[in-house]
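A short write-up of the structure that comes next.
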Amino acid sequence: MNSMIQRRLALCGAALALIIVDSFWFYEEMIAPNATITHVGLDFFELILPKAKRAARLRAGKWDVSPLLDPEKSPFGFVSLEPEGTYGQAILSIRALKAQHVCNVLIRDAGKEEGKLYFSDRAEDALRIPSLSLCGISFGHGGFSGKLSSDGPIHIG
């Protein structure tokens with residue numbers, strides 16, 4: 001009977017230690033004065049692009065190609081979160097784009113298939129992709145009005 005009580009106490013102690021460590025990490029990463037938040041605005045503006053169009057990918061902190069959709073004609077960044085496709089990869093990509101002052105972004109992975117549409121006189125599979133506004137003023141009529149605030153510390157009041 002004593003060994004059973006000792007095991008339960010040991011398990012409770014281990015669980016308590018894990019909770020304390022996890023709480024400390026959460027405080028340091030999410031609440032402490034040095035933690036930062038990234039502001040992103042969802043815009044109602046959408047672009048339809050060929051599904052085969054290549055999107056930039058962030059790998060080891062560098063873009064494999066320019067993230068700009070078309071530097072001469074379009075102020076939009078066009079990126080993909082592949083191969084990871086995680087929330088963490090999205091945050092890294094968004095912060096890298098903001099650092100380059102790319103304010104309007106299309107994330108290929110958020111696109112919805114539109115079927116076949118004509119691009120440059122030939123039918124191709126298409127994606128309808130909503131835009132995000134990372135800085136500046138949004139292109140569409142929805143999302144938000146004014147300017148997004150800069151990334152900064154999270155303060156709990």
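The values are calculated or read from the model by the stated rules, or taken from the named source; none is laboratory data. Owing to the predicted nature of the structure, the values given are computational and were not obtained by experimental measurement. Cβ atoms come from the backbone with ideal geometry, glycine included; neighbour counts cover every protein chain shown. Keep in mind that these areas ignore ligands, DNA and RNA; they rest on the heavy atoms of the full protein, side chains included. Shrake-Rupley method; radii C 1.70, N 1.55, O 1.52, S 1.80 Å.
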Among the lysines, which have Cα under 23 Å from the Cα of K98 when same-chain residues fewer than 8 positions away are ignored?
K53, K62, K73, K147
With the contact rule set at Cα under 8 Å and sequence spacing of 6 or more, what percent relative contact order holds for the range 37-153?
38 percent
Rg/Rh ratio calculated on Cα atoms of the range 37-153 (Kirkwood radius)
0.96
Expressed in nanometres to one decimal, the distance between label points 7 Å along Cα→Cβ at Q100 and A60 is 1.7 nm
Using a simple spin-label model with points 7 Å from Cα along the Cα→Cβ vector, what separation in nm is obtained for I37 and I19?
2.7 nm
Report the accessible area of I37, computed with a 1.4 Å probe over the heavy atoms of all protein chains in place, in Å² rounded to the nearest 10.
70 Å²
